[in-house]
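Okay, so here's the structure we're looking at.
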Amino acid sequence: MRFFAKATGETNPVYFDAAAARDAGHRDLPLPPTFLFSLEFQQPDTSWCDEVGIVVTWILRGEQSFTYHRLAYAGDTVRESDRGHL
């Protein structure tokens, strides 16, 4: 998670330092924005992208937005049934 935060240009210490995260009111390091979305790229079978005409390099665009319903944190277990609720 820390590497992802750094790679996406995040500088807020809550994504790197557990004490800073707790001081800011978090229970642990929060997952950086779009982290869970990026896990889609680690699916063992991504042939579905080709089937529906998605070019993976075009998926994240500047005009794309996300709606977050709650934060996920380091150590959380997220299940497929949680999709759309985070």
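The values are calculated or read from the model by the stated rules, or taken from the named source; none is laboratory data. From a predicted model like this one, the values you see are computed outputs, not experimental measurements. Ideal geometry is used to build each Cβ from the backbone, glycine not excepted, and the neighbour counts take in all protein chains shown.
A few notes on this one:
- Any hit, the stretch 20-33, residues being at pLDDT 75 or above and in contact with a Gly (Cβ under 8 Å, 6 or more places away or on another chain): yes
- Count - residues of the stretch 1-35 that are free of Cβ contacts under 8 Å to residues at least 60 places away in the same chain and assigned to a loop (DSSP other than H, G, I, E, B): 17
- Within the stretch 63-86, tally of residues that are basic (K, R) and modelled with pLDDT under 70: 1
- Taking the criterion of being surrounded by 15 or more Cβ atoms within 10 Å (Cβ to Cβ) and charged (D, E, K, R), the only residue of the stretch 4-27 that qualifies is E10.
- The one condition in (1) part of a loop (DSSP other than H, G, I, E, B); (2) modelled with pLDDT under 90; (3) surrounded by fewer than 10 Cβ atoms within 10 Å (Cβ to Cβ); (4) of a type outside the set (G, A, S) that L60 fails to fulfil: (3)
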